[in-house]
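I have placed the structure first, in the form of C-alpha cells, so that the comments after it can refer back to it.
Just so you know, all these numbers are worked out from the coordinates, no wet-lab data involved. All values reported here derive from a predicted model rather than from experimental measurement. Ideal geometry is used to build each Cβ from the backbone, glycine not excepted, and the neighbour counts take in all protein chains shown.
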Amino acid sequence: MVRRDNKLSRRTIILINNRLLLRKMDFIVHLFWTAIVFHSQTPLWIPILFGAIPDATSWGIFFFQMIASGKLRSTWKEARHYERSDFLKMPQWLSTLYGASHSIFSFAVVFGILTFITGEIFVPALAWGMHILFDIFTHSREFLGTPFLWPVSDWKFPGFSWGRWWFIVINWATIIFLIWYLFILKGIPVVLF
Ligand SMILES: [Zn+2]
C-alpha cells in the first residue's frame, strides 16, 4: 500500500496555496465592507483603520517579519509540504496576537476608553467589532476559527469557511453592487482624509 502520510495530493497543495492567497483577499474584503458600512463617517480612513486592526496587528506583523527575515519564500514553499493541520500551527506569539486582536474583550476595552475620552459613542471603532463578528461566522473551526473569547476561553463558533467559491462570488458581487449603488448611483462622496 502506498503511504500517503508525507505526500500531499496535488489537490491538497492547490487548496493550501489558494488558502494563502485568499488570506490576503480576506483582508481586502474586510476593508471594503468597512468602507460600505461606515461610508457616512468622515474621514473614512479612521473606521478603515479600526477594521484593519485585527489582521494588521497579527497577520500583518507575521507577514512583515517574514519579509524582514527573508523567510517569505521558504515559508510559502514549506506550506506546500505540510498537512493542513501542521500548516495551521502558527507560532505562539502569532496565536497570542491573533487571539488578542480578535477578542471581543480587547475591542470592548478600546471602544470603552475611546467613548469615555470623547464623551460620545466612538462609532469608527465599531469597525473593529464588525471585523470580529464577520470572522466569527465565516471561519470554520478546522480552519482558523475565531478566538473571540480570548483570553477567557478558546471556544470557537462553528462557522462556515468563507473560502468556499459560492461564498466568495456572492460576497464580492454584493461588495461591487453596494459600491456602485452608494458611490456611483447615489453619488455619496468618499471623504477618505
Ligand atoms: Zn480577522
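Please find the FRET efficiency linking Ser40 to Thr75, where r is the Cβ-Cβ separation and R0 is fixed at 35 Å, and quote it to the nearest 0.05.
Using R0 = 35 Å, I get an efficiency of 0.30.
For the stretch 39-193, report the translational diffusion coefficient in µm²/s to the nearest whole number, using Stokes-Einstein at 25 °C, 0.890 mPa s, and a Kirkwood Rh over Cα pairs.
The diffusion coefficient I find is 139 µm²/s.
Name the residues whose placed amide hydrogens come within less than 5 Å of the amide hydrogen of Gly159, ignoring near sequence neighbours (fewer than 5 apart) on the same chain.
His139, Arg141
Report ³J(HN,Hα) in whole Hz for each residue of the stretch 176-189, in order, from the Karplus equation J = 6.51 cos²θ - 1.76 cosθ + 1.60 where θ = phi - 60°; Gly and Pro get x.
After applying 6.51 cos²θ - 1.76 cosθ + 1.60, I find 4, 4, 5, 5, 4, 4, 6, 8, 10, 5, 7, x, 5, x Hz.
Per residue, what volume in Å³ does the convex hull of the Cα atoms of the stretch 120-183 enclose? List each step's numbers first, then the result.
Working: hull volume 6.2 nm³, N = 64.
Cα-based convex hull of the stretch 120-183, divided per residue, equals 97 Å³.
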